[in-house]
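Below is one structure, written out as structure tokens; the observations come after it.
A short reminder: the numbers here are calculations on the coordinates, not readings from a lab. Source: prediction; values computed, not measured. Using ideal geometry, Cβ is built from the backbone for each residue, glycine included, and neighbour counts are taken over all protein chains shown.
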């Protein structure tokens, strides 16, 4: 039940054997940047960094590690926020970076699909689709660094899930190296395939604990010919949801992003990033950034403006600014994308990535405020996120003028307050960031026991030696 | 490795214990209809029929069967076409029918979701959504009998996958009884949930071999205010695909069905079901039934007609008939839905449910014709299906005037011809029907070996005694 208890620290002889197999330059001491958590929360440890050039080399490396019982931490862009890419303590693992596997193997416009290797950076995948006149819609804050392998291993979400789905839904097939070094050749581009269990869907979101994804076949979509973007001040979350329902009816499936932001977050941006211009002079309690896209000839901008005008008449919005050009659209998005950095500069005590059914978001926010006031009335909350998905990034800060270190003793009560509230409303304690090593105890506490038992059984079945990302998702 | 080798035939004492636990009337001798394959290909065997009334009773039954090592065949509407619901031979299993669990537990319009029990018939689920002003889009020929549990266990597809996805994508959460009798409480209605492996997605499509689905949370959609349906004669598959691409661009994501039919199928309908009126006087080689739906005010009918007119001008269609009213729309669909019955009356030697990337459908058809001519030049082929998904129902018939029994010796060569052609084009040997017991050998032959090994390992991990649907998907 604790397979990685038997893992060993790789010795020089093993690393030499790895290098002999993978070729010169593919095995090196780990550079510092592979051992850093993006927010500087802690440092990882590793015996070596492997950078194989192709799937056969990944398979060979996994086979050698399996035989020697050496742990492997698969590594994409290193942007994960839950420590899935960083292991501390002994025995040390090797880091297996996919960064040299960055070929776009094919783009098949006729089938609206493309096959890319795991090391392709998300923006490069988007660009490859664009060159073929198509859209790969997955978009998230770290898209300039995150690599496709990691994006799939964590089932990344982002701002377009509302319309296009999560990474899992955008993935038609994968190629992956399993724990014994065998290669799962599942790179089909089929919309329907009922030949046995959904191994692709199982590996996607398994955080590198069941296999190393080496390539993927991804779904592409038509590029919207018309795009419209607006910044809204809304009187309440309920009003924002009512408006979303109306606009989805009026615009079909055109709404691709619907981002909610609290006034506290806008104040944080104003305080720590004054160079970021904010669309409205006043900062309302709640703002929404909406984007929609359609084919040509739809008259999207006019329809959106008509919808907003009606909503204003019905009291669903207090103010609205429709982007008049690409620069204004980018300026709106810049505010939204500055939110995480502003949070970081203020310094959260505790950060959460929760989801509830959309109709429960307002209750979650209200009850959360009450629960945290009971812990300490001075605590500040900034929440923002993907309202259409019921997904909030919910962050708790010390009172103004104080720093997080003074409040760390409250952390367990804050965390329990947030998660109890979330789970009580039928929610998830990790909507899109995953579990990694930082949410492992929370998973053990809040997950359905039958699911937890099934996860353990599957892990033991597919990785009996526990070499794949040991300590991620489940304890060692 | 062959866990069900240890299964036992249930004796009277065991059945009495089951009845004592499940209550009077919940355990009975199996009626004949539970033992019939829909096409009469073979008969199943079972020691008893269990009809539990709630999830706790299902869990109790599974626990007892696990302890006694009695096999369980989960049973929905009995409409499966690959024998997943029928086991032959000893030791006999019990049939666990979910038919008494048919509550619609809740419809949550605000979150576009509903929770239904496994025994709800698909048309009843559609009706429950409709009463709430919403759409549950899953639609297939057997929807009047198929039950939600079976639809999910087989990851059913049908005619609307193009727009709305397979059953797996339409399912937000499930409740299921696992092999040890524990209950997986996963009935959330979340669009984003990254807490561990995708157990829901794994159970969906596992054909009752990993758990018994007792309830599901399903995604709902806005009902289209405008619908348009047309019957087209197209000069080629390539032209039909080109047209689909154009219409998807012109109509946004509005195209919900795009069904291809070969002239042979229309001739079969004319021959065996003369009461079914066909839209066009002539029967072209290829016909398409297209349906699209949008919100109000889109002007869908006019846009579709304009698109078809342009396509006619460019030689992409030879003829088109746009349904002018609901009766005409129903008449078009009746032809499409008569296809399977007409095939049955003609009597296929071999029936297949394959998928390839859409751009390869034409090559599949052309190469398939050549491969079967090499087997016997008199063989007739009727293929039809969901062109937008690359999914064809591909059926092989004896020459006119001959019967299938005379040609059954050719079956292995026919099957190899069809599947080798399909797999060579990157396709799947089972697009939507699953594997059951009738495609088990084909799975073992054509599936990626690493995936097959993973399937075996997962099955052994989650059902170590092999009691769940023994012999389905994998050999005993």
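Any chance you could give the angle, 0 to 90 degrees and rounded to 10, that helix B:449-462 forms with the longest Cα principal axis of chain B? Relative to chain B, helix B:449-462 is tipped by roughly 40 degrees.
With the label put 7 angstrom out from Cα along the Cα-to-Cβ vector, residue A:40 ends up 7.8 nm from the copy partners, going from closest to farthest. Size of chain A from its Cα atoms: along the principal axes, largest to smallest, the extents are 72, 57, 43 Å. Among the residues of A:218-225, the average count of other protein chain beta-carbon atoms within 10 Å of the residue beta-carbon is 1. For residue A:409, the point set 7 Å out from Cα toward Cβ sits 9.0 nm from its twins in the other copies, listed from shortest up. Taking the longest Cα principal axis of chain B as reference, the axis of helix B:411-424 is set at about 70 degrees.
Between residue A:327 and residue A:246, the modelled labels are 3.2 nm apart [label points 7 Å from Cα along Cα→Cβ].
How well do other chains shield peptide B:352-363, expressed as the mean number of their Cβ atoms within 10 Å of each residue Cβ?
So the per-residue partner count for this stretch is 4.
Among beta bridges identified by DSSP and lying wholly in chain A, the antiparallel ones come to about 90 percent.
In this calculation the C-beta distance from residue A:374 to residue A:6 is compared with R0 = 30 Å, giving a FRET efficiency of 0.10.
For region B:303-422, the relative contact order comes to 27 percent (Cα pairs under 8 Å, sequence separation of at least 6).
Given the rule -39500 (n - 2.57) for each run of at least 4 DSSP H residues, summed and divided by the residues of chain A, what is its mean residue ellipticity at 222 nm, to the nearest 500 deg cm²/dmol?
Working: 15 runs with 164 residues, N = 476.
Rounded to the nearest 500, it is -10500 deg cm²/dmol.
Plainly put, the protein assembly as shown has a radius of gyration that is 0.96 times its Kirkwood radius, both from alpha-carbon atoms, as the Rg/Rh ratio. Taking every C-alpha pair closer than 8 Å and separated by at least 6 residues, the mean separation divided by the residue count of chain A gives a relative contact order of 17 percent.
Axis of helix A:12-22 versus longest Cα principal axis of chain A: the two differ by about 70°, to the nearest ten degrees. Per-residue mean of foreign Cβ neighbours for A:183-190 is 6 (Cβ atoms of other chains, 10 Å radius). Only Cα sites of region B:87-163 enter the Debye sum here, all with the same form factor; the resulting log10 I(q)/I(0) across q = 0.26, 0.28 1/Å is -1.29, -1.38, listed in q order. Distance from the alpha carbon centroid of region B:126-185 to that of region A:403-450 works out to 31 angstrom.
Give me B:294, A:79, A:209 sorted ascending by neighbouring Cβ count inside 10 Å, so fewest comes first.
Values: B:294 23, A:79 20, A:209 27.
Final ranking by Cβ density, sparse to dense: A:79, B:294, A:209.
A Förster radius of 22 Å combined with the Cβ-Cβ distance from residue A:273 to residue A:32 puts the calculated FRET efficiency at roughly 0.20. The residues B:175, B:249, B:282, A:275, when put in order of fewest to most other Cβ atoms within 10 Å, stand as A:275, B:282, B:249, B:175.
Sorted from closest to farthest, the other copies place their residue B:13 label points 5.8 nm away, with each point set 7 Å from Cα along Cα→Cβ.
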